[in-house]
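Read through the structure below, which is laid out as structure tokens, and then see the notes.
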Amino acid sequence: MLEWVERDALYDRARALVKPACSVLDIGCGLRPQSIIPAPNVLVCVEAHAEYVAELRRRFAGTTTLIIHDRVPECLAVLPDRCVDTIFMLDVIEHLEREAGRKTLSECERIARRQVVVFTPLGFMPQDETGETDGWGLHGTHWQTHR
């Protein structure tokens, strides 16, 4: 389903559309894993940037959240079919090369039991980060480029 939603209504509309889930895979969560499904029983975050991973592991130490330091789509191939209820890719797919994005979507369809939630800009929006630090003051500028 594709639906246009104004920016200030997006979060509330997403919460209304997303089905409840006990297990969530959040791909490319950066420093802010999804919050649309609050406190799932299992939250698995896949993040490619080591500095973000270190911060996530610190923040989620002692919880049931699993942080995986790897890239998509490569890391998804080892996951079994229908192993999580919901997959989120929020502001992620535009950072992948086209073929990697297609492969990632295909893998998500295989892995998700209930739904795959993707949020991305409408059309190509150039974003080429420069400088030493990203918006979080860390060294993830390479990962912020839109491809």
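The values are calculated or read from the model by the stated rules, or taken from the named source; none is laboratory data. Quick caveat: nothing in here was measured; it's all calculated off a predicted structure. Note that we place each Cβ from the backbone using ideal geometry, even for glycine, and neighbour counts take in every protein chain shown. When the accessible area is computed, the model is the full protein with side chains, heavy atoms only, and any ligands, DNA or RNA have been set aside. Shrake-Rupley method; radii C 1.70, N 1.55, O 1.52, S 1.80 Å.
Quote the FRET efficiency, to the nearest 0.05, computed for Ala50 versus Cys22 with a Förster distance R0 of 25 Å and r equal to the Cβ-Cβ distance. Let's see the in-between values first.
On the way: r = 29 Å, r/R0 = 1.17.
About 0.30, to the nearest 0.05.
Just to confirm the filter: which chymotrypsin sites (Phe, Trp or Tyr not before Pro) across segment 47-125 are DSSP coil and have at most 16 other Cβ within 10 angstrom of their Cβ?
Within segment 47-125, the qualifying chymotrypsin sites (Phe, Trp or Tyr not before Pro) (loop, at most 16 other Cβ atoms within 10 Å) are Phe60, Phe124.
What are the residues whose amide H is under 5 Å from the amide H of Leu25, where those residues sit 5 or more places off or on another chain and H is modelled from the backbone?
Residues meeting the criterion, in which the H sits 1.01 Å from N, are Val44, Thr86, Ile87, Phe88.
With all protein chains present and a 1.4 Å probe, how do Leu79, Leu56, Leu17 order by accessible area, largest first? Could you put the intermediate results ahead of the total?
Numbers: Leu79 50, Leu56 0, Leu17 75 Å².
Listed by decreasing accessible area, they come as Leu17, Leu79, Leu56.
If you find the alpha carbon centre of segment 77-93 and of segment 1-72, how far apart are they in angstrom?
11
Show His69, His95 ordered by accessible area, largest first, where the area counts protein heavy atoms only and the probe is 1.4 Å.
Sorted descending by solvent-accessible area, the residues read His69, His95.
Quickly work out the Arg57-to-Ala77 label distance, labels modelled 7 Å from Cα along the C-beta direction, and quote it in nm with one decimal.
2.4
Give, in nm to one decimal, the length gained when the segment between Arg13 and Gln115 is fully stretched (0.36 nm per residue of separation minus the Cα-Cα distance).
Numbers: separation 102, 0.36 × 102 = 36.72 nm, distance 1.56 nm.
Length gained between Arg13 and Gln115: 35.2 nm.
Which ³J(HN,Hα) values in Hz, rounded to whole numbers, follow from the phi angles of segment 80-94 under the Karplus curve 6.51 cos²θ - 1.76 cosθ + 1.60, where θ = phi - 60° and Gly and Pro get x?
Working through the residues one at a time gives x, 4, 6, 9, 9, 5, 9, 10, 10, 9, 9, 6, 10, 4, 5 Hz.
Excluding Ala9 itself, calculate the net charge of residues whose Cβ lies under 15 Å from the Cβ of Ala9, where each Lys or Arg counts +1 and each Asp or Glu counts -1.
On the way: positive: Arg7, Arg13, Arg15; negative: Glu3, Glu6, Asp8, Asp12.
Overall, the nearby charge balance is -1.
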